[in-house]
1. Can you give me the long-range amide H partners of Gly38? Hydrogens built in the peptide plane at 1.01 Å from N, cutoff under 5 Å, separation of 5 or more residues or another chain.
2. Once you place label points 7 Å from the Cα toward the Cβ at Phe114 and Ala73, how far apart are they in nm?
3. Could you give me the ³J(HN,Hα) list for the range 97-111, computed from phi with Karplus coefficients 6.51, -1.76, 1.60 and θ = phi - 60°, whole Hz, x at Gly and Pro?
4. Just rank Ser51, Ser67, Ser8, Ser33, fewest to most, by other beta-carbon atoms within 10 angstrom.
5. What does a probe at Val86 reach in the range 49-67, counting residues whose amide N is under 20 Å from the point 7 Å along Cα→Cβ?
Amino acid sequence: MFHRRQASIAALLLATSLAAAPVASAQTAPAVSPVVVGPYGMPVQEWQGLSCLWGGVVGGAGVFYYSDVLTAAVAGSGLGNPLLLVPLVAAGFLGGCSVGTNAAPGLTWLYRHF
């Protein structure tokens, strides 16, 4: 008798879950926002990524060019530690990435209007 009661409860739960399934699948899909187009027909997110890349490369190259002066300044002595070059170049890349991402759309706007 106990198994029969469990089977009927399971059948009842299955029937209610199947009856509710079409209601859940009849929901509408969320609205997709339009893609904002930036300079040169690229989406803004891709333009910011590209600007981050070139800004970071320029910033990292600038830090690498002045690495002897910067490592001596960070080390606090006349002898620079070459191991300080890696975090300095990484910091230069991050700084250049930030500047490139934020400044490139404005510079493009200035170039188009003047």
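What follows is calculated from the coordinates using simple rules that are stated; it is not laboratory data. Worth saying up front: this structure is predicted, and the values here are computed from it rather than measured. No Cβ is skipped: glycine too gets one built from the backbone with ideal geometry, and neighbour counts run over all protein chains shown.
1. So Gly38 has HN proximity to Val44.
2. 2.8 nm
3. 5, 5, 5, x, 5, 7, 8, 4, x, x, 5, 5, 5, 4, 5
4. Listed from fewest to most nearby Cβ atoms, that is Ser33, Ser8, Ser67, Ser51.
5. Counting backbone N atoms under 20 Å from the label point, the list is 57, 60-67.
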